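Asks: First the structure, then my questions, so here it is.
No lab work stands behind these numbers, since they all come straight from the coordinates. Only a predicted model underlies this, so the values are computations on that prediction, with no experimental measurement involved. Reconstructed Cβ throughout: ideal geometry from the backbone, glycine too, with neighbour counts over all protein chains shown.
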Amino acid sequence: MTNKKWFVIEKINYGENNDSFAIAKIADTVEQATKFLVHLDALNDRKSRTYFLASDVATVLNRVITSHNKSVENGTYYEQNPEVKKPSDEMPF
């Protein structure tokens, strides 16, 4: 089993095309990483410094797929996307 991590990346802009990136915090869950991000943003006193979340592709895609499947299952996907018709439970034949 892979040990998946979420990173809060700090980006500092020193001028045009001159950015610096560093890992500010490491979290085990996206919820924990989001809390770190919110608090770091609140403490940020420089316009040249920003934060964003990052992880490996497999972790991010797994999170997206799981969230999408949950929304399809509970019906919120169809509520938020009325142009997509919900499949009927009836057998087509």
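Asks: With charges set only on the Cβ (+1 for Lys and Arg, -1 for Asp and Glu), what does the dipole of the chain come to about its Cα centre, in debye to the nearest 20?
Replies: 320
Asks: Along each principal axis of its Cα atoms, how long is the chain end to end? Whole angstroms, biggest number first, please.
Replies: 64, 35, 25
Asks: Now, a different point. For Lys86, go through the aspartates and glutamates and keep the ones whose alpha-carbon is under 13 Å away, minus same-chain ones fewer than eight residues off.
Replies: Glu73
Asks: For Ala24 and His39, compute 0.36 nm times the residue count separating them, minus their Cα-Cα distance, and round to one decimal in nm.
Replies: Extra length from Ala24 to His39 when fully extended: 4.2 nm.
Asks: Shifting gears a bit: Give the relative contact order (percent, whole number) for the chain; include only Cα pairs under 8 Å separated by 6+ residues. If you can, show how the numbers build up before the last one.
Replies: Values: 95 pairs, mean separation 24.3, N = 93.
Worked out over the chain, it gives 26 percent.
Asks: Which of Lys25/Lys70; Lys4/Lys35; Lys11/Lys70 have a Cα-Cα distance over 22 Å?
Replies: Lys25/Lys70; Lys11/Lys70
Asks: Estimate the FRET efficiency between Gln80 and Asp56 by the formula 1/(1 + (r/R0)^6), using the beta-carbon distance for r and 35 Å for R0, to the nearest 0.05.
Replies: 0.80
Asks: Show the residues, 5+ positions off or on another chain, whose built amide H is closer than 5 Å to the amide H of Lys5.
Replies: Excluding prolines and chain starts, which carry no amide H, the hits are Asp56.
Asks: Looking at Leu61, Gly15, Phe36, which one has the Cα that reaches farthest to the positive end of the dipole of the chain (charges on Cβ: Lys, Arg +1; Asp, Glu -1)?
Replies: The residue sitting farthest along the positive end of the dipole is Gly15.
Asks: Okay, next question. Around Ala24, which amide H atoms from residues at least 5 apart in sequence, or from another chain, sit under 5 Å from its own amide H, with H modelled in the peptide plane?
Replies: Amide H to amide H, under 5 Å and 5 or more residues apart or across chains, Ala24 pairs with Val8, Ile9, Glu10.
Asks: Once you mark the GluC sites (Glu not before Pro) that are in a DSSP loop and have at most 15 other Cβ atoms within 10 Å, what is the longest gap between them in the chain?
Replies: On the way: sites that count: Glu16, Glu83, Glu90.
Free of exposed loop sites, the longest segment is 17-82.
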